[in-house]
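Taken together, the values in this text are just the output of simple stated rules run on the coordinates, not laboratory data. None of the values given here were measured: they were computed from a predicted structure. All Cβ positions, even for glycine, are placed from backbone atoms using ideal geometry, and neighbour counts span all protein chains on display.
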Amino acid sequence: MIDKYSIKLLIGTDYPILEKIRCAERLFNVYGRELLSDKAIMSLLEIYRQTIQQSWIQMKSTGVIAECTDCAANDGGSCCGKGVEDHFDVALLLINLLMGCRFPSEPWDETGCWFLGKRGCGISARHVICVNYICKRLYSKLEKSGLRLLQEKIVLETDAGFALEESIKKWLRNKGL
Ligand code: SF4
Ligand code: SF4
């Protein structure tokens, strides 16, 4: 059963991350199978998955992944800090569960984002603030044409994520949540 407390979590982000994770997991346990057999949701999920993949391909070819790996290994990679997880709402967490991701019960690095793992970000559906973030180091070191192409992919990814999130929220509202 999903209670009214959970419904509030669907709307806002102002709750501790563990509560939002537990709420998303409850929704996934109750409705996950049904959501994954809904053709409209599945189609949006697949489009989103493809746009995420295209962003990663572009990040690799532009040199972002190599630069960030070096930054994380040698300069402490300052961008996935503690607190970014607070921007996630339950719907985005639920999308990650639908994409096969699972959340840690505690952060791997207590100074880092909850979803940061030993090998970097541990989730598929990242928040728009993560996806959009291109730091000064990347701007100064990487080809502008590659970064422009990356920004085009990022727009497609965030648009697809938004469409899916809105559709899932509507789906849940139709369930009376
Ligand atoms: S985005 Fe910038 S700060 Fe973050 S890991 Fe990459 S190079 Fe480092
Ligand atoms: S990219 Fe992943 S690990 Fe980094 S801040 Fe965003 S969600 Fe957290």
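Which value in nm describes the separation of the simple spin-label points at residue 177 and residue 69, placed 7 Å from the Cα toward the beta carbon?
For residue 177 paired with residue 69, the spin-label model returns 3.8 nm.
Would you mind ranking 177, 138 so that the residue whose beta carbon has the fewest other beta carbons within 10 Å leads the list? Before the final figure, lay out each step's value.
On the way: 177 16, 138 20.
So the ranking, lowest neighbour count to highest, is 177, 138.
Summing Lys, Arg as +1 and Asp, Glu as -1, what charge do residues with Cβ under 13 Å from the Cβ of residue 127 carry, residue 127 excluded? Before the final figure, lay out the partial values.
On the way: positive: 20, 126; negative: 85, 86, 89, 157, 165.
Residues close to residue 127 contribute a combined charge of -3.
At a Förster radius of 25 Å, what calculated FRET efficiency corresponds to the Cβ-Cβ distance of residue 18 and residue 129, to the nearest 0.05?
Numbers: r = 20 Å, r/R0 = 0.81.
According to the calculation, E is roughly 0.80.
Arrange 139, 15 by Cβ neighbour counts within 10 Å, fewest through most, would you?
The fewest-first ordering by Cβ neighbours comes to 139, 15.
For segment 4-174, take the convex hull of the Cα atoms, compute a quarter of its surface area, and give me that in nm², please.
The Cα convex hull of segment 4-174, projected and averaged over all directions, gives 9.7 nm².
Would you please put 22-30, 76-84 in order of how densely packed they are, using the mean number of other Cβ atoms within 10 angstrom per residue and starting with the highest? Could you put the intermediate results ahead of the total?
Values: 22-30: 18.7, 76-84: 14.9.
Top of the packing list down: 22-30, 76-84.
Using a basic spin-label model with each label point 7 Å from the Cα along Cα→Cβ, how many nm lie between residue 43 and residue 152?
Taking the simple label geometry, residue 43 and residue 152 are separated by 2.5 nm.
Would you calculate the separation in nanometres between label points at residue 162 and residue 87, each defined as 7 Å from the Cα along the Cα-to-beta-carbon direction?
Label-label distance for residue 162 and residue 87, simple model: 1.5 nm.
Beyond 21 Å between alpha-carbons counts as too far, so tell me which of 82/169; 39/170; 118/144; 20/170 fall in that bin. The partial results should precede the final answer.
Details: 82/169 27 Å; 39/170 14 Å; 118/144 29 Å; 20/170 18 Å.
Going by Cα-Cα distance, 82/169; 118/144 fall outside the 21 Å limit.
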